[in-house]
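Read the structure below first, then the notes.
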Amino acid sequence: MRKRLFLVVNPCSGTKKIKPALLQVVQIFSGAGFEVTVYPTKCRGDATRVVESLPAGYDTIVCSGGDGTLNEVITGMLNGGIKCRLGYLPAGTLNEWSSGLSISRNLLKAAEDIVSGADMPLDIGQFGDRYFSYTASFGAFTEASYSAPQDIKNILGQAAYFFEGIKGLGNIKPRRLSITLENGQTYEDEFIFGAVSNSMSVGGILKFKETLVSLNDGLFEIVLVRKPKNIAQLQHIVSSLLKQSFDNECILFTHASSLQVSGGADMSWTLDGEQANGSETVQISILHSALQFIIPQKRAKKFLSEDQSHHETARTGYTK
């Protein structure tokens with residue numbers, strides 16, 4: 001029997017580069033022995049709806065789109081209990097999460113890597129009753145990820161998020177929050193930014209050293225930024241984050257598998273670049289090895305060769 005592949009395509013993602021490449025992508029999958037079904041999404045939320053009701057018999061699901069489309073597909077798989085392998089053709093503006101997995105921005109190369117790739121168990125975040133693949137964040141720069149106009153994103157790429165965030169710096173409102181980790185550690189303070197992530201970078205601005213991140217270790221990377229006392233301190237915070245350094249009295253960096261955030265009843269969050277409403281208390285948990293994600297062989301070998309004790313040593317040194 002031929003293997004079956006369900007290809008979810010967002011035809012409007014990014015610069016719409018999937019359209020001229022779609023036939024060749026299908027030919028690559030078909031040539032590898034897959035019977036391919038293509039589904040172009042029609043509106044926001046459509047990918048979740050169609051994936052969660054997918055009939056049995058598919059071996060692989062592939063998503064072509066941006067981070068938001070991937071989020072919808074993952075949500076559909078988890079809601080529907082779908083156990084297929086998942087591949088990704090990055091066709092959005094940033095696709096920063098996939099770059100950390102060495103997934104090519106060239107759609108034909110990415111399709112070939114799916115055909116020849118290896119499965120990696122992938123952790124997924126749960127935010128209340130919603131899911132995220134790489135980040136849940138609040139505060140400064142967070143709104144920029146979903147408010148920057150698509151045409152500006154297409155022209156400026158990552159810079160669009162930065163400039164959109166700069167516009168809002170004067171309107172940053174510190175939030176008095178209580179954040180409790182699963183081990184009972186609690187942070188109570190005024191924060192201007194927070195990110196709970198499972199990614200090499202967040203928002204195109206905050207980047208992590210590879211020794212600090214593993215995408216299937218059952219742990220989030222958590223960054224919290226306290227309210228600065230003055231402009232000079234704010235500049236020092238931004239400089240530290242850009243240099244991938246957390247050696248700053250206003251920056252908290254740690255790891256946890258779950259946390260509870262209290263005090264943000266009217267606070268907006270971003271889940272994988274899409275807006276989410278907060279509540280007085282939000283529970284955020286990691287679903288360990290929730291999906292089997294297809295990554296290029298060369299990246300898979302790197303994951304297999306990594307020494308997990310090295311990760312833990314590095315993390316202990318950075319936890320504050």
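The values are calculated or read from the model by the stated rules, or taken from the named source; none is laboratory data. Note that this is a predicted model, so its numbers are computed, not measured. Virtual Cβ from ideal backbone geometry, glycine too; neighbours counted across all protein chains shown. Quick note on the areas: whole protein, heavy atoms, side chains included, nothing else; ligands and nucleic acids left out. Shrake-Rupley method; radii C 1.70, N 1.55, O 1.52, S 1.80 Å.
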How many Å² of accessible area per residue for the stretch 69-123, probe 1.4 Å?
30 Å²
On a 1.4 Å probe surface of the protein chains, which of MET267, MET200 comes out largest in accessible area, and what is the full order?
MET200, MET267
Those trypsin sites (Lys or Arg not before Pro) from the stretch 35-67 that are DSSP loop and have at most 16 other Cβ neighbours within 10 Å turn out to be LYS42, ARG44
Rank these residues by their accessible area, most exposed first, probe 1.4 Å: GLU221, GLU280, GLU72.
GLU280, GLU72, GLU221
Place a point 7 Å from the Cα of GLU249 along the Cα-to-Cβ direction; which residues of the stretch 215-238 have their backbone N under 18 Å from it?
224-238
For the stretch 2-111, with all protein chains present and a 1.4 Å probe, just round the carbon and sulfur fraction of the accessible area to a whole percent.
54 percent
Under the 7 Å Cα-to-Cβ spin-label approximation, SER279 and ASN183 lie apart by a distance in nanometres of 2.8 nm
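Please compute the net charge surrounding SER239, taking Lys and Arg as +1 and Asp and Glu as -1 over other residues with Cβ under 15 Å from its Cβ.
Result for the neighbourhood of SER239: 0.
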Full extension from ASP266 to GLN235: what is 0.36 nm times the residue separation minus their Cα-Cα distance, to one decimal in nm?
8.4 nm
Give the accessible surface of the stretch 256-301 per residue, rounded to a whole number of Å², with probe radius 1.4 Å and ligands, DNA and RNA excluded.
40 Å²
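If you filter the stretch 200-267 for trypsin sites (Lys or Arg not before Pro), then keep DSSP loop positions with at most 13 other Cβ within 10 Å, what is left?
LYS209, LYS229, LYS243
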Heavy atoms only, probe 1.4 angstrom, no DNA, RNA or ligands counted: give me SER197, SER258, SER289 ranked by accessible area, highest first.
SER289, SER258, SER197
Using a 1.4 Å probe on the protein chains only, how many percent of the accessible area of the stretch 174-285 belongs to carbon and sulfur?
46 percent
Dipole size in debye (nearest 20) for the stretch 175-307 around its Cα centre, Lys and Arg Cβ +1, Asp and Glu Cβ -1?
500 debye
Can you give the FRET efficiency to the nearest 0.05 for LYS83 and LYS19, using r as the Cβ-Cβ distance and R₀ = 30 Å?
0.50
